[in-house]
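S.K.: Handing you a structure now.
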There are 2 protein chains.
Amino acid sequence: MARTGRPREFDREQTLERALELFWSRGYGATSIQDLVDALAVERGSLYGAFGDKRRFYLEAVRLYWQVYERHLVSALDTSPLLPGLREILTHPVRLDELISDRGVPQGCLVGNTTAELVPQDSEATEVVARSYRRFTDIVAGALRRAQAAGEVTDTCSPEAQAQLLLYIVQGLSLVSRAGLDKTAALAAIDAAVDGLRA
Amino acid sequence: MARTGRPREFDREQTLERALELFWSRGYGATSIQDLVDALAVERGSLYGAFGDKRRFYLEAVRLYWQVYERHLVSALDTSPLLPGLREILTHPVRLDELISDRGVPQGCLVGNTTAELVPQDSEATEVVARSYRRFTDIVAGALRRAQAAGEVTDTCSPEAQAQLLLYIVQGLSLVSRAGLDKTAALAAIDAAVDGLRA
DNA sequence: CGACTTCTTGAACGCCTAGTCAAGAAGTCG
DNA sequence: CGACTTCTTGACTAGGCGTTCAAGAAGTCG
């Protein structure tokens, strides 16, 4: 069944990506439709036609954000030994922060920002966020379980508890970094966390 | 110099406390002046007269929030051994969450929420937040330094790095809890963190 | 009492918001 | 070509927002 009608003039995916950046750097509430129209060079009506209302647009951007992040997460943890990859995941916000000083770019984790701004008032946002967190802990716990079995990571507590703790650390770091990041202190803290996992 | 003119009919401090609760549970953007007028039973003009504009009102509430929290923090860490008090600080968000299920009450840490919503766009908010974080790490690092000297806490890394890590953990827990808290998993994660500090 | 000061009240202001819609443009299909 | 469908455009709507302000109320002070 061929698609008929006037073809869309903008690239939906690319527009979503740019909207993601805007939402990421400014937050949901502080990004107006007009901001999006200006930045994306797509008129209001077309945005509404392609993405529905603002909330749906935003949530789709969050889902895309997480999809990309999760891909990164999985590939970084698919290594042996595990701890270097894990360290890379934890230091990710620090590296993001370096990009920021160059241009005016996103800050923190979009899922974390969403948690603070929309959860728990918006049930759909709460689902997206909760699912993201669950997937993070599932993926990390799986990797830790393998590393425990290999004798690389201490088995003084369960991989699930370790993964949960790591979630807190990443999210905490992402959040706190927004207020100004002392890179040295952050890396020292991360090293302390990683060392605590060593067998 | 006696104060003349018509006396204020509401209790400024008590009103600020109730505004704090509202801002805490809904966030800055989602709390309108009208919401405040309704909840506080104080008319708009009086609020503006007493607190200035919305931003100043909010920031004053955040400062009050932190003042109360810091008092709690200091008293909980002024103990020997340190780790039980530290554990109490870390589990604080979990206990807050229990209150929530009873009535519709604040969630997360107000400073953390402010970080996500206003920082870094609002420089004054950024200052308030950054100062709060700095005070947290200073207080906690001081306590850890003493506990390291007493042989209670491991000295495999500096008290500053440990304190920084603990800041991430508390903030991460506060944030993630908004999306739904698995109390068991949270406590297991906290125990893992506290155990990691033990000498 | 009358002058002065501050607080209260709620209407009003201007602005910005998310969202809608009608008219026209640009394709496909018979 | 003409029918049909979808996308584009930007003016428009309705409502909510933070903020202001003038008029009156409630005190103090001489």
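S.K.: Examine region A:30-47 for a residue that is within 25 Å of A:TYR133 (Cα to Cα) and either in contact with a helix residue (DSSP H, G or I) (Cβ under 7 Å, 6 or more places away or on another chain) or modelled with pLDDT of 95 or more (or both), and state whether such a residue exists.
M.R.: Yes, region A:30-47 contains at least one residue that is within 25 Å of A:TYR133 (Cα to Cα) and either in contact with a helix residue (DSSP H, G or I) (Cβ under 7 Å, 6 or more places away or on another chain) or modelled with pLDDT of 95 or more (or both).
S.K.: Please go through region B:33-43 and pick out each residue that is surrounded by fewer than 16 Cβ atoms within 10 Å (Cβ to Cβ), within 12 Å of DNA strand C (Cβ to nearest atom) and under 25 Å from A:GLU117 (Cβ atoms).
M.R.: Residues of region B:33-43 that are surrounded by fewer than 16 Cβ atoms within 10 Å (Cβ to Cβ), as a first pass: B:33-35, B:37-39, B:41, B:43.
From what's left, within 12 Å of DNA strand C (Cβ to nearest atom): B:33-34, B:37-38, B:41, B:43.
Correct list: B:ILE33, B:GLN34, B:VAL37, B:ASP38.
S.K.: So if I check each of B:TYR48, B:TYR58, which one is within 16 Å of DNA strand D (Cβ to nearest atom), over 11 Å from the mean Cα position of the chain (by Cα) and open to solvent by less than 50 Å² (accessible area, probe 1.4 Å)?
M.R.: B:TYR58
S.K.: With respect to B:ALA192, determine if the residue is more than 22 Å from A:ALA116 (Cα to Cα) and aliphatic (A, V, I, L, M). I'd like the intermediate steps shown before the answer.
M.R.: Values: more than 22 Å from A:ALA116 (Cα to Cα): yes; aliphatic (A, V, I, L, M): yes.
So B:ALA192 fits the description; yes.
S.K.: Which pairs have Cβ atoms under 6 Å, sit 6 or more apart or on different chains, and link a residue in region B:114-125 that is within 7 Å of chain A (Cβ to nearest Cβ) to one that is assigned to a helix (DSSP H, G or I) and open to solvent by 20 Å² or more (accessible area, probe 1.4 Å)?
M.R.: B:GLU117/A:GLU117; B:VAL119/B:THR126; B:PRO120/B:THR126
S.K.: Return the pair list, or none, for Cβ contacts closer than 6 Å from residues in region B:1-27 that are more than 14 Å from chain A (Cβ to nearest Cβ) and open to solvent by 30 Å² or more (accessible area, probe 1.4 Å) to residues that are assigned to a loop (DSSP other than H, G, I, E, B) and near DNA strand C (Cβ under 10 Å from one of its atoms), at least 6 apart or on different chains.
M.R.: Partner pairs satisfying both residue conditions: B:PHE10/B:VAL42.
S.K.: Take region B:150-178 and flag every residue that is assigned to a loop (DSSP other than H, G, I, E, B) and modelled with pLDDT of 95 or more.
M.R.: B:ALA150, B:GLY151, B:GLU152, B:THR154, B:ASP155, B:THR156, B:CYS157, B:SER158
S.K.: Just to verify a result, which residue in region A:168-191, among those that are under 15 Å from B:ILE169 (Cβ atoms), surrounded by 22 or more Cβ atoms within 10 Å (Cβ to Cβ) and free of Cβ contacts under 8 Å to residues at least 40 places away in the same chain, is farthest from the chain's Cα centre (by Cα)?
M.R.: A:ALA189
S.K.: While we're here: If we scan region B:64-82, do we find a residue that is of a type in the set (Gly, Ala, Ser), surrounded by fewer than 18 Cβ atoms within 10 Å (Cβ to Cβ), in a helix (DSSP H, G or I) and over 18 Å from the mean Cα position of the chain (by Cα)?
M.R.: No, because not a single residue in region B:64-82 is of a type in the set (Gly, Ala, Ser), surrounded by fewer than 18 Cβ atoms within 10 Å (Cβ to Cβ), in a helix (DSSP H, G or I) and over 18 Å from the mean Cα position of the chain (by Cα).
S.K.: Moving to a separate point now. For region B:92-122, enumerate the residues that are modelled with pLDDT of 95 or more and surrounded by fewer than 17 Cβ atoms within 10 Å (Cβ to Cβ).
M.R.: Within region B:92-122, none qualify.
S.K.: Here's a follow-up. Restricting the search to region B:188-199, which residues are more than 9 Å from chain A (Cβ to nearest Cβ) and either out of contact with any strand residue (DSSP E or B) (no Cβ under 9 Å at 6 or more places or on another chain) or assigned to a helix (DSSP H, G or I) (or both)?
M.R.: B:VAL194
S.K.: Quick one: how many residues across region B:1-32 are among the small types (Gly, Ala, Ser), within 15 Å of DNA strand C (Cβ to nearest atom) and not in a helix (DSSP H, G or I)? Working first, answer last.
M.R.: Pass one, region B:1-32, residues among the small types (Gly, Ala, Ser): B:2, B:5, B:19, B:25, B:27, B:29-30, B:32.
Then drop every residue that is not within 15 Å of DNA strand C (Cβ to nearest atom), which leaves B:2, B:5, B:19, B:29-30, B:32.
With the extra rule that they be not in a helix (DSSP H, G or I), the set shrinks to B:2, B:5, B:29-30, B:32.
Number of matching residues: 5.
S.K.: Only one residue in A:LEU181, A:LEU144, A:LEU96 is touching a Pro at 6+ places or on another chain (Cβ under 9 Å), in a loop (DSSP other than H, G, I, E, B) and more than 9 Å from chain B (Cβ to nearest Cβ). Which one?
M.R.: After applying the criteria, what remains is A:LEU181.
The values are calculated or read from the model by the stated rules, or taken from the named source; none is laboratory data. All values derive from a computational prediction rather than experimental measurement. Neighbour counts run over all protein chains shown; Cβ positions are idealised from the backbone, glycine included. Surface accessibility is based on the protein's heavy atoms, side chains included, excluding ligands, DNA and RNA. Shrake-Rupley method; radii C 1.70, N 1.55, O 1.52, S 1.80 Å.
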